[in-house]
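Heads up, the thing below is written out as structure tokens.
The values are calculated or read from the model by the stated rules, or taken from the named source; none is laboratory data. Not measured: the values here are computed from a predicted model. Note that we place each Cβ from the backbone using ideal geometry, even for glycine, and neighbour counts take in every protein chain shown. Each accessible area value is taken on the protein alone, full model and side chains, heavy atoms only, with ligands, DNA and RNA left out. Shrake-Rupley method; radii C 1.70, N 1.55, O 1.52, S 1.80 Å.
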Amino acid sequence: MGRLIVISNRVSPPSDVGGGTQGGLAMALAAALREHSGIWFGWSGQTTETYSGQVGVQRAGGVTVATMDLEDQDVQEYYNGYANKTLWPLFHHRVDLTAYERSFGEGYARVNARFAETVLPLIEEEDFVWIHDYHLIPLAQELRRRGVKNRIGFFLHIPWPARHLITTLPRHPQLVEALFDYDLVGFQTQDSLEAFKDYVVHEVGGSLGEGRTLSAFGRTAEFDAFPIGMDVAEFTAALDGETAKREYARMQTSMLDRQMIIGVDRLDYSKGLEERFLAYEQFLQDNPDLHEKVFLLQIATPSREDVEAYQEIRGRLDGVSGRINGAFSTVDWVPIRYVNRGYRRDQLAGIYRAAKLGLVTPLRDGMNLVAKEYVAAQDPEDPGVLILSRFAGAAEQMGEALIVNPFSREDVSDAILRGLAMPLAERRRRWDRLMADLRTTDVSAWRDDFVRALMSN
Ligand code: GDG
């Protein structure tokens, strides 16, 4: 059997992941590669004055990691530009934040061609290639142009947008056509799969075929939903470790018998943090008797700080949290503990466990692994309650959470009240079902399902 070659924008050697602060994608890929011999290829995160095409190779945790550097201009146009100022906001339905500049599109095409050129000598005849996320949609097309005949799969970690929104993107048919150079394309949810089919059928005259197949642009490929899971075993082990226990005890001491509500997110406008703070303010207004009895700990790790929209949301969150704390705090109670730094994964595990409620309210999210981690961290005898946005991909699987509309302050405020008051028997019943599903649909199941489908033809 051929090797698995995973390609993503950035790579994170698996050995770093345990204590690191990587996002969901890195965690999932590290887990996927732990069991498959193969190569993980991507951008090193470094820039050079002129592109050299040199590959740095390193062995880490049983995986061969190969990286290349990019030029400053590449990072501006491809990464900060087309990926994070055009595709990310558009795919998260933020047309108002979506910037289209010709140079971004050119940079995106150029860097995808560079990825293809650089990885090409590493691909052997029997290998399977698995490409990840919106940064690299045209990569299969670039590899095919260079004669690659291997099976190539693609997984989109973020949502596929509704038809009328993707059509606001200049040259949208070219972007979609590039997906038909893959053998298999995976989305997080049925919702994304349906939106994609809607586009293919109604916008470019494509058709639905047998099983997973879709035909358009004179080609046929397979498309399906493969909801990503978390690494339950790794997380449970972290939870049993000294660090998690120490962090749990530290939180208990600092809580002073108050109930903690937890939010953990990359500081990103798609995560609905401002709306969450406002909903929590509504809850404080609606429930004066609960003042000093609860607090919200929001951990928001800075992200993509070179992009203006991220600087703006950070400024707004400072303002809103400061205003709420100014209005409601007492001498020994602050309603929002707002923290702009990352924590080790095992610390996070202990913090999640100490929280009575997990508040996960993105405005739109491919999956959202924090929702899953919160559930996995709970004490089976006395589990907390997950409040989950209907617009997170995770809501398709996690119906036993309290599902809310993150745009409605009343709805979220009511769910907080309901969660705090939920009887133990109901909490256990909901948690048991959520946890059983987390185990059967964990990250290994996700990887195996995708890789099996990619390898069979
Ligand atoms: C993309 C999609 C999809 C967060 N703060 C810290 C920290 N984290 C970890 C969490 C979790 C991960 O980052 C975040 O994953 P999410 O899934 O919530 O979100 P994205 O980063 O936006 O990921 C998303 C995912 O890809 C996978 O396909 O679910 O929809 O947007 O694991 O725990 N980790 C540590 N310290 C922190 O401070 N160690």
Item to complete: Over the chain, give the accessible area per residue in Å² for a 1.4 Å probe, as an integer.
Response: 40 Å²
Worksheet item: So what J values fall out for the range 121-127 if you push phi through Karplus, 6.51 cos²θ - 1.76 cosθ + 1.60 with θ = phi - 60°, rounded to Hz, Gly and Pro as x?
Response: x, 7, 8, 9, 3, 8, 5
Discussion item. How charged is the neighbourhood of Glu274? Take every other residue with its Cβ under 12 Å from the Cβ of Glu274, and add Lys/Arg as +1 and Asp/Glu as -1.
Written reply: 0
Worksheet entry | Set Lys149/Lys197; Lys245/Lys293; Lys245/Lys356; Lys245/Lys271; Lys271/Lys372; Lys293/Lys356 screened for pairs whose C-alpha atoms are more than 22 Å apart | Lys149/Lys197; Lys245/Lys293; Lys245/Lys271
Item to complete: Using a 1.4 Å probe over the heavy atoms of the protein chains, calculate the carbon and sulfur portion of the accessible area of the range 232-440 as a whole percent.
Response: 48 percent
Worksheet item: Which whole-number percent gives the relative contact order of the range 232-440, counting Cα pairs below 8 Å spaced six or more residues apart?
Response: 26 percent
Worksheet item: Counting Lys and Arg as +1 and Asp and Glu as -1, each charge on the Cβ, what is the dipole of the range 232-440 about the Cα centre in debye, to the nearest 20?
Response: 240 debye
Practice prompt. Starting from the Cα of Ser103, step 7 Å along the direction of its Cβ; do the same at Asp257; then give the gap between the two resulting points in nm.
Written response: 6.1 nm
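Answer rounded, prolate or oblate for the chain, using the Cα gyration tensor with square roots of eigenvalues a ≥ b ≥ c: rounded when a/c is under 1.5, else prolate when a/b is larger than b/c, else oblate.
prolate
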Item to complete: Treat every Asp and Glu Cβ in the chain as -1 and every Lys and Arg Cβ as +1, leave all other atoms uncharged, and give the resulting dipole magnitude about the Cα centre to the nearest 20 debye.
Response: 280 debye
Worksheet item: Summing -39500 (n - 2.57) over the DSSP H runs of n ≥ 4 in the chain and dividing by its residue number, what mean residue ellipticity at 222 nm do you reach, to the nearest 500 deg cm²/dmol?
Response: -12500 deg cm²/dmol
Fill in: Distance in nm between pseudo-label sites at Glu292 and Arg390 (7 Å out along the Cβ direction from Cα)
3.8 nm
Discussion item. Please report the spacing between the Cα centers of the range 64-140 and the range 253-300 in Å, no decimals.
Written reply: 36 Å
Response to the item:
Under the rule rounded for a/c under 1.5, else prolate if a/b exceeds b/c, else oblate, using alpha carbon gyration tensor axes a ≥ b ≥ c, the range 94-229 is classed as oblate
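From Cα pairs below 8 angstrom and at least 6 apart in sequence, can you work out the relative contact order of the chain, rounded to a whole percent?
15 percent
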Worksheet item: Under a point spin-label approximation (7 Å from Cα along Cα-to-Cβ), what is the Arg316-Asp382 distance to one decimal in nm?
Response: 3.8 nm
Item to complete: Among Leu420, Ile152, Ile166, pick out the residue whose Cα is farthest towards the positive end of the charge dipole of the chain, where Lys and Arg carry +1 and Asp and Glu carry -1 on C-beta, about the Cα centre.
Response: Leu420
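Could you tell me whether the range 361-453 comes out rounded, prolate or oblate from its Cα gyration tensor? Rule is a ≥ b ≥ c as square roots of the eigenvalues, rounded for a/c under 1.5, then prolate if a/b exceeds b/c, otherwise oblate.
Because a/c hits 1.5 or more and a/b fails to exceed b/c, the range 361-453 counts as oblate.
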Worksheet, complete the sentence: Leu417 neighbourhood, Cβ < 13 Å, K/R = +1, D/E = -1, net charge -1
Worksheet item: What does the charge count near Glu210 come to, summing +1 for each Lys or Arg and -1 for each Asp or Glu among other residues with Cβ under 13 Å from its Cβ?
Response: -1
Item to complete: Can you find, among Val334, Ala376, Leu357, the residue farthest towards the positive end of the dipole of the range 232-440? Put +1 on the C-beta of Lys and Arg, -1 on that of Asp and Glu.
Response: Ala376
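Go through the range 77-155 and name the GluC sites (Glu not before Pro) that are in a DSSP coil and have 12 or fewer other Cβ atoms within 10 Å of their Cβ.
Loop-located and lightly packed - Glu124, Glu125, Glu126.
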